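Single-structure report; data block below.
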Amino acid sequence: MSRQETPPKWLDRLLGWYCRPDLLEDLQGDLHEYYHRNLSRGRFRANFIYLIDVLKFFRPYTIKRNQTLHSFNPFFMLGNYFKTSVRSLARNKVFSAINIVGLAISMSVGILMITYINELLSFDKFHQNGNRIYRILTTYKGITNDESVDLASTSIFIGRRLQEDYTGVEQLTILRRNFSADLKTGSKIMSAEGLWASENFFDVFDFELVAGNPATVLHDPKSIVITESLSKKLFKEGEPIGRTIELVGQERYGFQSGTITGVVKDPPASSHMQFEMLGSLSTLEHYAAGQEGESFLTSYNSVWMNYVYVLLPENQRVDVIKKHLDQIAAEEGEKYDRFFISYELQNLLEIVPGRDLSNQIGPTVRWNMIYLLVGLTLIVILSACFNYTNLSIARSLRRAKEVGIRKVVGAGRAHILTQFVFEAILVAVVALMMGYGLFLLIKQEFIHLFFQNQEITLDFQWIHLVYFMAFALVIGVAAGILPSVFLSGLKALKVLKDPGSMKLFGGVSLRRMLIVFQFTLSIGFIIGATISYKQYQFAVNFDLGFETKNILNIELQGNDANILMSEFLKIPEVEGISMSGMLPATGEVWGDEAKYKDPMDSVNIHVNYVSKDYLGLHQFEFLAGGTFPHDLKKDEDPKFTIINERLMRRFGIESPQEALGEVLTVDGSKKVQIVGVVKDFQHQRITEGHEPFAFLQGYEDYQVLNLKVASGDMVGFMTKLEAVWKAVDAVHPFRAEFYDDKIQKAYTQYQTYFKVIGFLAFLAISIAALGLLGMAIFTTETRMKEISIRKVLGATEQHLIYILSRGFVVMLVVASFIAVPTTYLLFEHMVLNDLANRIVVGPLELLSGVVVIFAVSMLTIGWQTARAARTNPAEMLRDE
């Protein structure tokens with residue numbers, strides 16, 4: 001045929017591209033025949049009809065199948081992997097259960113960490129401009145201090161300077177702590193705590209006002225903004241705006257009553273600052289303007305109670321305002337030679353979690369604590385992954401035929417690797433569901449143990465589902481990748497042999513290396529928990545140098561101490577009462593400045609304001625002199641002091657007797673005479689050494705009543721005390737705590753360490769024991785014929801148990817030799833190294849982990865090996 005008699009070639013190529021080979025010849029012949037018939041009607045018409053026919057036959061039955069795509073259909077392959085994985089897990093129920101339970105235990109901790117960290121990272125994100133809000137931090141260093149102090153607080157002075165002479169700030173607000181009072185309306189009295197805030201508070205932060213004008217609610221003196229929940233408690237009916245409310249506890253600032261100007265929604269739990277009410281900062285400024293010597297608002301170095309937040313404009317560089325702050329610090333620093341101050345800026349979204357700073361406005365979490373928890377969690381999860389790896393490699397002998405057959409029928413290395421990884425992911429998903437169930441069961445206990453001082457709920461959010469599935473995927477790949485790589489890389493014949501015999505790292509078998517690693521972790525955790533517990537016990541039982549037994553401390557909460565004392569002394573069980581400002585040795589420290597003869601020589605001291613009977617009640621040891629001559633009256637200035645040895649030596653006084661009668665200057669201008677010298681005592685936590693200390697008198701500074709009690713019926717005695725309290729104060733709850741209990745709370749850090757490490761040790765031991773059980777089962781099953789032959793030849797059960805367990809014992813010994821010195825060096829040179837008073841880590845603490853692990857391991861191995869040793873050899877050898 002000529003070229004003019006044939007259809008266009010591109011149409012023939014299109015037909016050949018999609019048409020099945022077995023249909024192409026017949027279909028193409030028929031279409032060509034129709035094309036020749038249609039040529040009589042014109043070539044253009046014939047070409048058009050041929051195009052329609054080619055497209056018309058593009059139907060499912062004519063389309064050829066792509067064999068490559070069909071062979072690797074992802075849905076087909078996933079279905080095959082799923083069925084194979086389920087069948088494999090069902091055939092090996094014991095090993096599957098061990099792997100799933102081990103992973104579930106570890107993944108429950110992982111779920112906790114994911115939920116916890118996600119909640120921490122959500123703090124303060126409800127503020128629309130959170131990425132542009134910064135808090136000004138202060139670094140303060142006194143001339144007598146060796147180290148500087150990093151503070152979350154700063155001075156009101158620096159906030160006002162920025163408002164007055166710096167234009168690079170869009171908005172600025174100043175806060176101050178300790179706005180607390182008893183609110184009284186009608187016959188109702190209620191305690192509330194909050195913050196002092198400047199008028200721009202609602203311009204910087206996105207706390208939602210329910211009622212009131214955000215531009216004016218904090219403008220006028222004596223203005224108060226209360227939260228919704230507080231408003232409902234105070235005013236069940238009616239509009240609170242404009243009402244006048246009495247305040248008990250703020251009389252010092254002339255704030256006997258205030259006007260409610262706004263109602264704000266309760267701060268979310270994810271806010272780093274929590275409050276029930278806000279008082280206008282202008283109230284304090286109005287008061288300070290008429291008071292001589294009240295410099296807490298204007299002093300450059302008044303950096304302990306105030307907070308400054310700035311909202312920067314869009315695209316404003318932080319280093320620009322930082323340079324301005326440095327300039328102010330340089331200018332003001334020239335005026336003072338007794339301290340040094342510098343400034344930094346911290347973004348609002350970096351406060352929780354954030355740096356370790358003093359004077360935080362609310363609880364926070366340090367990043368190093370998060371890193372520690374995440375690291376320990378990863379170690380536990382890694383141990384469970386090693387369990388899976390170990391048992392999978394050990395179990396590969398049973399799956400040799402499966403691997404061999406797959407390779408014979410054409411499966412490549414990628415197919416086998418994917419199969420094993422998919423199986424591990426399936427196990428991880430099942431373990432995830434079980435682990436989440438465990439997490440729900442123990443979530444509240446987690447919060448109680450570890451997060452009781454934080455606004456943490458660990459509630460489920462839908463984004464967690466994505467994190468959990470990604471977590472299961474990562475765990476599955478991590479657990480399954482190593483056995484998958486090993487098995488997929490072997491030839492069919494090689495797979496029939498024991499893959500666990502492959503050597504790594506100079507001849508140490510893979511399985512033994514993993515077991516040693518697991519038990520090294522377990523031993524280390526147990527030793528760490530034991531040392532933490534011993535340090536905690538050492539701390540709470542430490543000889544402080546004064547008496548704390550049977551001393552009950554009652555918070556005054558603004559009540560008249562003399563009235564309560566007279567009422568409490570009527571109770572027969574009360575043997576004595578004193579008053580104090582704070583409780584030494586509990587972590588609370590009050591500071592001041594003292595001078596002796598040289599006016600240029602000042603020293604920072606720790607102080608406690610106490611009554612005349614305080615030192616006798618607590619049995620302090622006097623080296624010279626005695627207690628105060630009399631109790632201080634309400635408006636009387638302190639005239640006497642009692643110092644410790646360290647302060648005496650600091651001022652060069654040679655003996656306690658010589659110190660009596662000498663005069664010190666404290667708090668800038670107060671002259672006090674030394675009437676007593678006490679032996680150095682532990683007024684800080686035992687982690688710190690002795691510092692210069694002085695007892696002073698100050699009626700307005702008494703915060704606590706100290707009761708020496710003797711009662712055989714403590715419940716009845718506390719009931720009497722509470723009845724007296726309610727008769728005097730019907731508003732505040734009765735808050736009383738024994739001194740020894742308060743000291744125990746001061747060392748909750750060690751208690752938390754003990755709980756965390758002990759909990760992780762329990763998990764690690766549980767996972768390791770499960771893995772050891774699986775390995776013991778595998779070892780006995782693969783050596784049953786050997787055991788039977790040995791029994792026929794006369795081996796005793798004890799000898800068989802020895803043969804079967806000696807390999808595990810060797811691994812435990814190796815793990816002990818690694819774990820003991822490593823853990824010892826970690827605690828000796830890092831954890832306990834900087835403590836002023838600490839335990840000596842001895843053999844008992846170091847051997848505790850070894851003993852526990854050997855006991856658990858011997859029970860696990862012995863049970864399985866003894867069971868195998870008692871098997872009747874005739875049952876195993878009758879078919880041989």
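The values are calculated or read from the model by the stated rules, or taken from the named source; none is laboratory data. Quantities reported herein were computed from a predicted structural model and do not represent experimental measurements. All Cβ positions, glycine included, derive from the backbone under ideal geometry; neighbour counts span all protein chains shown.
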I'd like to check something: does region 291-304 contain any residue that is among the aliphatic types (A, V, I, L, M), more than 30 Å from M190 (Cα to Cα) and modelled with pLDDT of 95 or more? no
Considering only residues that are surrounded by 15 or more Cβ atoms within 10 Å (Cβ to Cβ) and farther than 21 Å from G558 by Cα, which ones fall in region 697-740? K708, V709, S711, F717
Do we have L112 as assigned to a helix (DSSP H, G or I), more than 30 Å from I777 (Cα to Cα) and not assigned by TED's automatic domain parsing to the domain that holds I224 here? yes
For region 607-614, state whether one or more residues are in the same structural domain as K726 (by TED's automatic domain parsing), over 35 Å from the mean Cα position of the chain (by Cα) and surrounded by fewer than 19 Cβ atoms within 10 Å (Cβ to Cβ). yes
Scanning region 161-198 residue by residue, those of a type outside the set (A, V, I, L, M, F, W, C), out of contact with any Ser or Thr (no Cβ under 7 Å at 6 or more places or on another chain) and part of a loop (DSSP other than H, G, I, E, B) turn out to be Y166, T167, G168, E170, G186, S187
Can you find, within region 125-162, the residue that is farthest from V365 (Cα to Cα) among those that are among the polar types (S, T, N, Q) and at pLDDT below 90? T144
State which residue is surrounded by the most Cβ atoms within 10 Å (Cβ to Cβ) when the search covers only region 679-690 and only residues that are modelled with pLDDT of 85 or more and touching a helix residue (DSSP H, G or I) at 6+ places or on another chain (Cβ under 7 Å). D680
Tell me, yes or no, whether region 29-37 has at least one residue that is surrounded by fewer than 14 Cβ atoms within 10 Å (Cβ to Cβ) and among the hydrophobic types (A, V, I, L, M, F, W, C). no
Working only within region 628-667, note down all residues that are surrounded by 17 or more Cβ atoms within 10 Å (Cβ to Cβ) and among the hydroxyl-bearing types (S, T, Y). T641
Return a yes/no flag: does region 86-98 have any residue that is at pLDDT below 85 and either touching a Gly at 6+ places or on another chain (Cβ under 7 Å) or farther than 22 Å from E423 by Cα (or both). yes
Within region 211-228, is there a residue that is surrounded by fewer than 15 Cβ atoms within 10 Å (Cβ to Cβ), in a strand (DSSP E or B) and touching a residue at least 60 places away in the same chain (Cβ under 8 Å)? no
Only one of (1) part of a helix (DSSP H, G or I); (2) within 36 Å of the chain's Cα centre (by Cα); (3) not basic (K, R) is not met by I861, so which one is it? (2)
Here's a check for you: in region 587-602, which residue that is under 37 Å from the mean Cα position of the chain (by Cα) and not in a loop (DSSP other than H, G, I, E, B) is farthest from L664 (Cα to Cα)? G591
Unmet requirement for G258, which otherwise passes all of (1) in contact with a Lys or Arg (Cβ under 8 Å, 6 or more places away or on another chain); (2) touching a residue at least 60 places away in the same chain (Cβ under 8 Å); (3) crowded, with 19+ Cβ neighbours inside 10 Å: (2)
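Would you confirm, using the coordinates I've provided, whether K549 is of a type in the set (D, E, K, R) and crowded, with 16+ Cβ neighbours inside 10 Å?
no
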